[in-house]
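Since the structure comes first, as structure tokens, the remarks are kept for the end.
Rule-based calculations on the coordinates, nothing more; no lab input. It should be emphasised that the depicted structure is a prediction, and the values quoted were computed from it without experimental measurement. Please note: Cβ atoms are built from the backbone with ideal geometry, for glycine as well, and neighbour counts cover all protein chains shown.
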Amino acid sequence: MAERCFRKARTEVRFLSPAQMNFEDLYSFVEKENKRLKSAYGPLDERTHTFGRAIKLTEEVGELNEALLSSFGLQRDEKLSRFSEEELEHEFADVMLCVLLLAESMDVDIAKALEEKIKKINKRKY
Ligand SMILES: [Mg+2]
């Protein structure tokens, strides 16, 4: 049921090509997508919706790991025969979108958080 909703979301929401994308576009997409997902799942309180987003993130990380294993040829032949490099790219995108949806649910300004984190990392001495 839940996966069907996400699949539907992927086909219904149009997005700019990656070359044209910026954080504002991404925020706008994520905001719309979160609203759409909330209505697709029916009346859920904010906390339940956010917990659902967190659980979905772990599912997507698992799918990314599965694609990574396939990419390195570390899966059964049956799985390897179905794998494409495009799937790996899509799983990276799924994880990123889940993180952004979760951040939006928690009112986290991810662009600001990334900027601050990058500044911190750049100050590190190696
Ligand atoms: Mg996925």
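Tabulated results
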item	result
Matching residues, segment 56-87, being of a type in the set (A, V, I, L, M, F, W, C) and free of Cβ contacts under 8 Å to residues at least 24 places away in the same chain	Leu68, Leu69, Phe72, Leu74, Leu80, Phe83
Single residue of segment 56-67 satisfying the filter (more than 10 Å from the chain's Cα centre (by Cα) and within 10 Å of Phe92 (Cα to Cα)) that is surrounded by the fewest Cβ atoms within 10 Å (Cβ to Cβ)	Asn65
Segment 71-126, residues that are basic (Lys, Arg) and within 15 Å of the ligand (Cβ to nearest atom)	Lys79, Arg82
